[in-house]
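S.K.: Right, I'll just put the structure down here and ask away after.
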Amino acid sequence: MLVLIGASASGKTEIAKLLIAKHGFRKMITYTTRAMRQGEVNGLDYHFVSVEVFKQKALAREFLETTDYNGNHYGTAFKDAERNRVVIVDIPGANVLYDQLKNDVVIVYIETPEAIREARMLYRGDPKDQVESRLLTDQIHFIKEKVTHIDLVIDNGNRELDTLTETIANYYKNRQ
């Protein structure tokens, strides 16, 4: 399984989409209690569930890992942890996945300068107050040294996503 981690608007989602479209990966669809954004589809982008349903699944031990971010719950289901799947998680989630799966995961940390991330969030229409809040939260939560294990660090400053995606796909395939 390929695990992508990085701060808000670091390019994780776009990289994951390219890995799926061009390199044969399949998306690991995680669960969340957050509201759908415009253009998102339930069961395709996330499994959007209520807090009550999420807590029931957690109590039933259906999740490999869970986390809370910006007041919402996120979880990765055991049943979806397969080879050639790509999943986006936060640092605690990556640490749990590594602890649980060890050599069955490849963890990629995506670094992107804060100014670029801020511009991306504003461009996609995120409210300014949410952008500021996410940037502050990310300064606390996305510290590379908090990651137990990283296989590959990618700098997504101003590099072409196709090039970054190719690098990640080749690294993953050479590890399998």
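S.K.: If you take every DSSP beta bridge fully contained in the chain, what fraction is antiparallel? Give it as a percent rounded to 5.
M.R.: Expressed as a percentage, antiparallel bridges in the chain total about 30.
S.K.: Is the chain rounded, prolate or oblate when judged by the Cα gyration tensor, a ≥ b ≥ c being the square roots of its eigenvalues, rounded requiring a/c under 1.5 and prolate requiring a/b larger than b/c? Present the calculation step by step, with values, prior to reporting the outcome.
M.R.: Details: a/c = 1.41, a/b = 1.03, b/c = 1.38.
The shape class here is rounded.
S.K.: Comparing Val108, Val53, Val86, which has the greatest mean-square fluctuation in the GNM of the chain with Cα pairs linked when under 10 Å apart?
M.R.: Val53
S.K.: Taking the dipole about the Cα centre of the range 30-135, with the C-beta of Lys and Arg at +1 and of Asp and Glu at -1, give me whichever of Gln56, Pro127, Ile88 is farthest to the positive side.
M.R.: Gln56
S.K.: For the range 109-132 and the range 19-91, compute the distance between their C-alpha centroids and round to whole Å.
M.R.: The range 109-132 and the range 19-91 have Cα centres separated by 22 Å.
S.K.: With unit charges on the beta carbon (Lys/Arg positive, Asp/Glu negative), name the residue among Ala7, Gly157, Leu18 whose Cα is farthest towards the positive pole of the charge dipole of the chain.
M.R.: After comparing all options, I get Leu18.
S.K.: Work out how much length Asp68 to Lys17 would gain on full extension: take 0.36 nm times their residue separation and subtract the Cα-Cα distance, in nm to one decimal.
M.R.: 16.0 nm
S.K.: With n ≥ 4 as the cut-off for DSSP H runs, can you work out [θ] at 222 nm for the chain, using -39500 (n - 2.57) per run divided by the number of residues, rounded to the nearest 500?
M.R.: Computed mean residue ellipticity for the chain: -12500 deg cm²/dmol.
S.K.: Then there's this: Loop by DSSP (not H, G, I, E, B), at most 16 other beta-carbon atoms within 10 Å: where is the longest site-free stretch of the chain for trypsin sites (Lys or Arg not before Pro)?
M.R.: Free of exposed loop sites, the longest segment is 84-123.
S.K.: I've got another one for you. About its Cα centre, what dipole magnitude does the range 29-80 give when the only charges are +1 on Lys and Arg Cβ and -1 on Asp and Glu Cβ, stated in debye to the nearest 20?
M.R.: 100 debye
S.K.: Given an 8 Å cut-off on Cα distances and at least 6 residues of separation, report the relative contact order of the chain as a percent.
M.R.: Relative contact order here is 32 percent.
S.K.: Give me the extension gain from Arg26 to Arg159: residue separation times 0.36 nm, minus the current Cα-Cα distance, reported in nm with one decimal.
M.R.: The span from Arg26 to Arg159 would gain 45.5 nm if fully extended.
S.K.: Taking the chain, how many lysine pairs are there with alpha carbons less than 15 Å apart, if each pair must be eight or more places apart or span two chains?
M.R.: Working: Lys12/Lys27; Lys17/Lys27; Lys22/Lys173; Lys27/Lys79; Lys57/Lys79.
Lysine pair count for the chain: 5.
S.K.: Mind putting a number on the dipole of the chain about its Cα centre? Charges go on the C-beta only, +1 for Lys and Arg and -1 for Asp and Glu, and I need it in Debye to the nearest 20.
M.R.: 480 debye
The numbers here are math on the coordinates, done by the rules we state, and not lab data. In this text the structure is predicted, and so the values were computed from the model without any measurement. Methodologically, a virtual Cβ is constructed for each residue, glycine included, from the backbone with ideal geometry; neighbour enumeration extends over all protein chains shown.
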